[in-house]
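Peer 1: My questions will all concern the structure given below.
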Amino acid sequence: MTPVENGEASPASDAALVAEVLEGNAEAFGELVNRYKNLVTSFIAARVAAPEVEDLGQDTFLRAFRTLPSLREPAAFSSWLLGIASHVCVDWHRARRRTAPLDDDAVEHGETLGPHRAPQARPDAEAETEEATRLLLESLDRLPENYRVTLVLKHMDGLSCQEIADRLGVALGTVTSRLTRAYKLLRDRLERLTEPRGKKPE
């Protein structure tokens, strides 16, 4: 098993662990779980009710284990995993809306979710949110690994720049420069992806 130097989850180490899992080594997947469980937990906690976070985190890793053979870029395991976590959260919200009980007054008067009752979320708004999440994760996945890991640690794991530097074993200035470059690459790619088709550059 490839060691992780200075606590850094390098592309090679993630890729090596994925390869071991696919060869039948379940302990390698356990190491991936330990490496990313805090990241997945914080990602889910920002999107669902607190009591559900642990169960949805377990569901995320279970889905990841089952679908691991479909991962085309093992070095991109972290952003692929967050994509699964995003789908798990979306599924939870959908199920919650389907099973949400009517209030007592509505039941008493025979009311249903008709035109006079506002839905909890518009389908078009939900679709836009899902599409935005997909584009963000796709763009994140295409960043160079050192930029992507730094960005994930900063905004999804909630670490300070100094904490990131300590974890990755790099200088503080390296972290800030990586973040600056990552923001620009991410912004440029998202602008290209969301630009209306057929629009000519000015």
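Throughout, read-outs are computed from the coordinates displayed, never taken from laboratory work. Note that this is a predicted model, so its numbers are computed, not measured. Because the Cβ atoms are built from the backbone with ideal geometry, glycine has one as well, and the counts that use them run over all protein chains shown.
Peer 1: Looking at the square roots a ≥ b ≥ c of the eigenvalues of the Cα gyration tensor of region 39-93, which shape do they give, rounded for a/c under 1.5, prolate if a/b is larger than b/c, or oblate? Mind dumping the intermediate values first?
Peer 2: Details: a/c = 2.34, a/b = 1.92, b/c = 1.22.
Prolate, because a/c is 1.5 or more and a/b exceeds b/c.
Peer 1: What nm distance separates the two modelled labels at residue 34 and residue 65, each placed 7 Å from Cα along Cα→Cβ?
Peer 2: Simple spin-label model gives 1.6 nm for this pair.
Peer 1: Modelled label-to-label distance, residue 180 and residue 19, 7 Å Cα→beta-carbon offset: nm?
Peer 2: Distance between the two pseudo-spin positions: 3.6 nm.
Peer 1: Quick check on the exposure proxy: order 47, 178 from fewest to most C-beta atoms within 10 angstrom.
Peer 2: Ascending Cβ contact count within 10 Å gives the list 47, 178.
Peer 1: At 7 Å along the Cα-to-beta-carbon direction for both residue 138 and residue 162, put a label point, then send me their distance in nm to one decimal.
Peer 2: Taking the simple label geometry, residue 138 and residue 162 are separated by 4.0 nm.
Peer 1: Based only on other Cβ atoms within 10 Å, what is the fewest-to-most ordering of 154, 37? Write down the numbers at each step before the final one.
Peer 2: Numbers: 154 18, 37 14.
Ascending number of Cβ neighbours within 10 Å: 37, 154.
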